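See below for the structure under consideration.
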Amino acid sequence: MSAKKLATVALAASLIFGSSSISMAAETAPQPSPTAPVVKTQDPAKKAFRVAMDAYKLAMAKFKTDRTAFQAAMDAFKTANTAYMGAKKVVNEAFKTAVTAAKTTYAAAVAAATTDEQKAAARTALRAAVTSATATRDAAIAALGAAPVKPAKPTVPTKPVRPTQAPVVT
């Protein structure tokens, strides 16, 4: 036989007999015995961290909604405060005008006064004018109502700290 035919016969024989021996070997291999499933114990620090992170995520979601509500409340506050301060400024300017007029009248009265009684009467008139202006200003401010209250800024929740692994002692 030629070397080519011999190689072909050897190859065919190895394929035929080799595959059956492999399948027989597979049948004779022992099956692994069933064992109890391995229960992985969780590190309590890691478990607590996961719980804390879940709570943090919920707190952050609440913070984001609170922040948008705060922005809307802050815009409303700015508008209301601007209107309130503008009205209060008008009231205070009217008060200053009344006090300035009373001081001017007093200065003219004192300059024209020749006796102590006339000077005392001018001083009494000044006090009465200032008291009247003060009462008018206080009544006008009370009529404005309470000043707008600035909304409280929401606080950012603190992120939990990742647990560190304990050093391995060898």
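Please treat every number below as a calculation from the coordinates, not as lab data. Given the structure is predicted, the values throughout are model-derived calculations rather than measurements.
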Going by the alpha-carbon gyration tensor, a ≥ b ≥ c the square roots of its eigenvalues, is the stretch 94-170 rounded (a/c under 1.5) or, if a/c is not under 1.5, prolate (a/b greater than b/c) versus oblate?
prolate
Run down the aspartates and glutamates and flag those whose C-alpha is under 17 Å from the C-alpha of K159, throwing out any fewer than 8 positions away in its chain.
D54
Greater than 24 Å separation of Cα atoms is the criterion. Which listed pairs, K57/K153; K46/K153; K78/K153; K89/K153; K62/K153, meet it?
K46/K153; K89/K153
Cα-based Rg then Dmax for the stretch 41-170, in Å, read 31.9, 107
